[in-house]
1. What are the residues in the range 17-48 that are within 21 Å of I66 (Cβ to Cβ) and among the small types (G, A, S), if any?
2. So which of A94, A30 is aliphatic (A, V, I, L, M), farther than 29 Å from L4 by Cα and in contact (Cβ under 8 Å) with a residue 40 or more places away in the chain?
Amino acid sequence: MIPLSWYLILAAALFGIGLFGVLVRRNAVAILLGVELMLNAVNINLVAFWRYGDVTLMAGQVFAIIVFAVAAAEVSVGLALVISVYRRRNTVVADELDLLKW
């Protein structure tokens, strides 16, 4: 049986990679991918704690499914916004997206 600490280390590494991608990348699609990596790290934690806790309660799996649904909504809305901005400005570089500034 794999210890809980291994899952937590994997999730922390995945979250760190996602956070690095969000903070360093300039491309809006790459930023969305970093957010998805962080959400997947959260799912690993939820399922790992469910598995090593009370397995009769399905709370960890239910929360993981909710996170999957939120991630799917975030991707669909985020990509729609990126496509809309690209059609208007011909760029997806996050530094150049200042549509709300006057």
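1. G18, G34, A41, A48 - these are the residues of the range 17-48 that are within 21 Å of I66 (Cβ to Cβ) and among the small types (G, A, S).
2. A94
Since every read-out is calculated from the coordinates, none of them should be taken as a lab result. Quick caveat, the model's predicted, so the values are computed rather than measured. FYI the Cβ positions are ideal-geometry reconstructions off the backbone, even for glycines, and counts take in every protein chain you see.
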